[in-house]
Structure formats: structure tokens, C-alpha cells
1. Could you list all residues from the stretch 64-74 that are of a type in the set (A, V, I, L, M) and open to solvent by less than 60 Å² (accessible area, probe 1.4 Å)?
2. So which of Gly48, Gly103, Gly56 ends up being open to solvent by less than 50 Å² (accessible area, probe 1.4 Å) and closer than 26 Å to Leu127 by Cα?
3. Return the residues of the stretch 28-38 that are out of contact with any Lys or Arg (no Cβ under 9 Å at 6 or more places or on another chain) and open to solvent by less than 50 Å² (accessible area, probe 1.4 Å); say none if nothing qualifies.
4. Does Tyr67 satisfy the condition of being in contact (Cβ under 8 Å) with a residue 40 or more places away in the chain, part of a helix (DSSP H, G or I) and within 18 Å of the chain's Cα centre (by Cα)?
5. Starting from residues that are open to solvent by 70 Å² or more (accessible area, probe 1.4 Å) and farther than 13 Å from Lys138 by Cα, keep the ones in the stretch 75-91 and report whichever is farthest from the ligand (Cβ to nearest atom).
6. When you look at Arg18, is it touching a Cys at 6+ places or on another chain (Cβ under 9 Å), modelled with pLDDT under 95, open to solvent by 70 Å² or more (accessible area, probe 1.4 Å) and under 30 Å from Trp135 (Cβ atoms), yes or no?
Amino acid sequence: MASLDRIRTHGFRRWYERQLIECHAWLVSWFLGVIVLVSGVEIAGPGGGSRMGGVGLIVGGLAVTLYSWMRYRLLLEIAERLGEQAACPSCAAYAKFSIEASGPNPMPDGGDPALENHGGGIWLRALCRKCGGRWVLK
Ligand SMILES: [Zn+2]
């Protein structure tokens, strides 16, 4: 996962910040999709210009709206889930860890079924840079 590689190279804080920026860019594109969708309804309706053009805008706006909303929710949920677990359980240092291993696959000891639906079973094995403690973010 390219996104998770950014945690290794830039650190968790920068990854988290970028993740939030990216997911809010998807929120902006969702809003633009809503504008296109409403414009299509206006154009296709009675007294509007071209019915076919309006239907095209409705379909395009709907596709952009749905896809953007799914991306926004997914990226935000992954960022929030990993962010909640970014504190070392031993010394409580926040986001001061390096990644020993990661995967898009479920953990060998059986994954959380909720992860399969949201985020593709992302997990990270973290090593605290402060105290050397190890834990898994999933
Ligand atoms: Zn620690």
C-alpha cells in the first residue's frame, strides 16, 4: 500500500495530516458533484435547456457524488482508526513509532471482520522509538 509506505518514510504524524487533507479534498469533490447533479436536474426539468444534457449531468454528478463520498468515508475512517491506536500502550508516547511490518491482509491470528468491509484489513506492527514497546494497529 503506497499510503502506508508514507508512514514508514515520513512518520505517522505527517501521514495522518496528509490523509486528512486528502479525505477533505474528496469531500470538496463530493460537494462539486452535488452542484453538477443539481444543475442537471435544473437543465433536464421543464423549462430547462437540453433534456439529454441534463440527464448526462445528473448521471455524471451522481457518479462523482457517490464515489467521492465512499472515498471520503473510507480514508477518514482509516485515519481515525489508526490515529486512535497511535499511542504506545507502555509509555503513551503518541505517534513515536516505526513500522516493523504491515499488511493489507488480515492478521494470521484472525482479523476483525469489520476491517474486511472498511479498509481492506489494514494492520501495522509498531515499535515504539521511546521505550521499545511493540503493538499492533489494526
Ligand atoms: Zn513506548
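1. Hit for the stretch 64-74 is Leu74, nothing else.
2. It is Gly103.
3. The answer is Gly33, Val34, Leu37.
4. It is false that Tyr67 is in contact (Cβ under 8 Å) with a residue 40 or more places away in the chain, part of a helix (DSSP H, G or I) and within 18 Å of the chain's Cα centre (by Cα).
5. Pro89
6. Considered against the rule, which asks whether it is touching a Cys at 6+ places or on another chain (Cβ under 9 Å), modelled with pLDDT under 95, open to solvent by 70 Å² or more (accessible area, probe 1.4 Å) and under 30 Å from Trp135 (Cβ atoms), Arg18 comes out as no.
The values are calculated or read from the model by the stated rules, or taken from the named source; none is laboratory data. Because the structure is a prediction, the values reported are computed rather than measured. Note that we place each Cβ from the backbone using ideal geometry, even for glycine, and neighbour counts take in every protein chain shown. Accessible surface areas use protein heavy atoms only, side chains included; no ligands, DNA or RNA. Shrake-Rupley method; radii C 1.70, N 1.55, O 1.52, S 1.80 Å.
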